[in-house]
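Asker: Starting off with a structure, shown below.
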Amino acid sequence: MYNVALFQPDIPQNTAATIRLCACLNITLEIIEPCGFQFNEKKLKSIYMDYYKNCKIIRHLSFEDFIKTKKNKRIILLTTKSKKIIIILILKKMIQYYLEEKVLEYQTQYIKLLMKD
């Protein structure tokens with residue numbers, strides 16, 4: 001199962017939107033504190049509406065606490081501050097996979113031709 005984690009969220013409206021998303025998709029939301037706003041039900045209630053009660057939220061006091069709970073689990077980190085664009089990384093992997101498949105295909109064809117002779 002997938003979880004969504006927000007690292008030190010600072011915009012209540014974005015956090016509330018993530019709560020709604022996680023509630024609709026039945027995904028656990030993990031909040032890595034400190035938040036840039038007071039994270040409490042009263043503060044967010046008007047923004048997240050009734051979704052809060054349908055979303056499982058786990059709060060971590062720090063990134064280190066978050067990492068401790070993720071032993072031997074795959075973590076995918078996304079940021080707006082990276083110099084690498086994730087789409088480029090995905091495309092490179094897709095191209096590499098395609099080329100590897102083509103090489104295997106041609107090797108198989110070559111071996112079949114050799115076996116015929």
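Asker: Would you tally the residues in the stretch 2-44 being exposed (fewer than 12 other Cβ atoms within 10 Å of the Cβ) and on the phi > 0 side of the Ramachandran plot?
Answerer: 1
Asker: Can you confirm whether TYR51 is in the same structural domain as VAL4 (by TED's automatic domain parsing) and surrounded by 10 or more Cβ atoms within 10 Å (Cβ to Cβ)?
Answerer: Numbers: in the same structural domain as VAL4 (by TED's automatic domain parsing): yes; surrounded by 10 or more Cβ atoms within 10 Å (Cβ to Cβ): yes.
The answer is yes for TYR51.
The values are calculated or read from the model by the stated rules, or taken from the named source; none is laboratory data. Nothing here was measured: the structure is a model prediction, and the numbers come from that model. When we count neighbours, we look across all protein chains shown, and the Cβ atoms used for this are built from the backbone with ideal geometry, even at glycine.
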